[in-house]
Structures are given as C-alpha cells and as structure tokens.
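The values are calculated or read from the model by the stated rules, or taken from the named source; none is laboratory data. Not measured: the values here are computed from a predicted model. Here the Cβ is made from the backbone with ideal geometry for all residues, glycine too, and neighbour counts use every protein chain on show.
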Amino acid sequence: MSISNEIEQRLQAAFQPRELVVENESGKHAGHAGDDGSGESHFNVVIRADAFAGLSRVARHRAVHKALGDINTRVHALALDIAE
Amino acid sequence: MTDVKTRIDETVKASDVVLFMKGTKDMPQCGFSSRVAGVLNYMGVDYSDVNVLADEEVRSGIKEYSDWPTIPQLYVKGEFVGGCDIITEMTLSGELDTMFETNGVAFDKDAADKIREANG
C-alpha cells in the first residue's frame, strides 16, 4: 500500500472526516533535502472533521500526529491543514 | 529531568522568543524552518535561533520536550506555540500579532500586514 493510502486510512478511521485530501508532493521536491528517492517523502494533508471542534491548533496537530503513528517518522515532510 | 531536557528548558526560558530550526535565522537549511524564520525576520522580531542540526541531542530531545515530532518549533515566553503550519496560519489570520502583543513582544505591524496582503 502506498503511504498516501495509509495516511488516508488512518485519518479516515480516527476522525471520520467530511473532507480529506492527501497529496503526494514528493515530485516537487525531487533532488532536494529529504528526497530519499522513494517518491514518498513529502505529503500535504487537508482534513475537515467535527472531531476537531473545540481543540486548539496544537491539540489538533497532536491528534493527527497520534493517529498517524509511525508514519510521522517514515516521511520527511507532512504539511497539515486541519479544521473542524 | 535529563540533562538535555534541562538544557532545552533553560534555552526556551532564556529568551522571550526562541525558534528551534534546521540551520540558522540567516541561513536556514530546510524550507519549513526557512518559512518561519522568514516571517520573524520580516516582522523584525528579536528572537534566539537554535540550530538543531548542530546538536543531535537537542534535535531529538526537543521533540520529546514538546511532544511534537517536527522542526521548526516556536516558543514564546517559554510556551510552545507551534510548527510551520500553525505559525503560517497564525500569521495570515493575525493571531500571531495578537499573541506577540499579549506577551509584550515587539514586532513591525506594517510588515505583518504586508505579509497578509501578499498572501491574501
């Protein structure tokens, strides 16, 4: 399974989002720092879920980090756009 | 606390604004660190930069200290504020200005407005 799919599955299960977009942006960073040649190094996630209501920005990010578990360390960069 | 945590704690509390980053404020070595340092530089904020690439102990220790897995990390008055995504969002929404004002941190309001105009 690709890392994009893994990210999607874990976030879907954890937050039942209304909107979830996972973009693999690794191609934009080819040859730059952090590109390990796998084509799965840089990701951009947009997530909208009621589960984030009432949480601070830091708490929202921590919740997503927790749901992603070991994926955090398997990718070089993960940009998160989180809202309720 | 372990030695490294004590060291980080002292660093975080030694200045009003501290940025843990890859590279330095004058020569960032990562796009995300560069973006946050760029905002602070442009807004004329007086801050301390800590290059985690120069200290492996701090590089891993800071992640445990804040329970935050990535660099950069911004601290104001000893409190963790966020990483690149959060600082970017707060810059554009004006929350960063409010947070600096609340904490008595001087910055160039016109410069902050210019960032918002350019990215609005």
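A:GLN16 falls short on exactly one of the conditions (1) modelled with pLDDT of 95 or more; (2) surrounded by 13 or more Cβ atoms within 10 Å (Cβ to Cβ), and that condition is (2).
For the range B:46-76, a residue qualifies if it is more than 13 Å from the chain's Cα centre (by Cα), assigned to a helix (DSSP H, G or I) and over 23 Å from B:PHE100 (Cα atoms), and the qualifying residues are B:LEU53, B:ALA54, B:GLU56, B:GLU57, B:VAL58, B:ARG59, B:SER60, B:GLY61, B:LYS63, B:GLU64.
Can you tell me how many residues within the range B:79-107 are of a type outside the set (A, V, I, L, M), within 14 Å of chain A (Cβ to nearest Cβ) and in a helix (DSSP H, G or I)? Counting residues in the range B:79-107 that are of a type outside the set (A, V, I, L, M), within 14 Å of chain A (Cβ to nearest Cβ) and in a helix (DSSP H, G or I) gives 8. The single condition among (1) away from chain A (no Cβ under 13 Å); (2) small (Gly, Ala, Ser); (3) in contact (Cβ under 8 Å) with a residue 24 or more places away in the chain that B:ALA118 does not meet is (3).
Given the residues A:PHE43, A:PHE52, which is the only one that is of a type in the set (Phe, Trp, Tyr) and either surrounded by fewer than 19 Cβ atoms within 10 Å (Cβ to Cβ) or within 22 Å of B:PRO72 (Cβ to Cβ) (or both)? Let's see the steps before the verdict.
On the way: A:PHE52 fails: either surrounded by fewer than 19 Cβ atoms within 10 Å (Cβ to Cβ) or within 22 Å of B:PRO72 (Cβ to Cβ) (or both).
Only one candidate qualifies: A:PHE43.
Going by the conditions given, is B:PRO69 touching a His at 6+ places or on another chain (Cβ under 8 Å) and either modelled with pLDDT under 95 or more than 23 Å from A:LEU68 (Cα to Cα) (or both)? Yes, satisfied. Just so you know, in the range A:19-34 the residues that are exposed (fewer than 12 other Cβ atoms within 10 Å of the Cβ) and without any contact (Cβ under 8 Å) to a residue 24 or more places away in the chain include one that is farthest from A:ILE82 (Cα to Cα), and it is A:GLY31.
With respect to the conditions (1) within 14 Å of chain A (Cβ to nearest Cβ); (2) without any contact (Cβ under 8 Å) to a residue 60 or more places away in the chain; (3) β-branched (Val, Ile, Thr), B:VAL76 lacks only one, and its number is (2). The set of residues in the range B:59-73 being at the interface with chain A (Cβ under 10 Å from one of its Cβ atoms) and among the aromatic types (Phe, Trp, Tyr) consists of B:TRP68 alone. Taken over the range B:20-70, the criterion of being of a type in the set (Gly, Ala, Ser), surrounded by fewer than 19 Cβ atoms within 10 Å (Cβ to Cβ), within 22 Å of B:ASN119 (Cα to Cα) and in contact (Cβ under 8 Å) with a residue 24 or more places away in the chain is satisfied by B:GLY44 alone.
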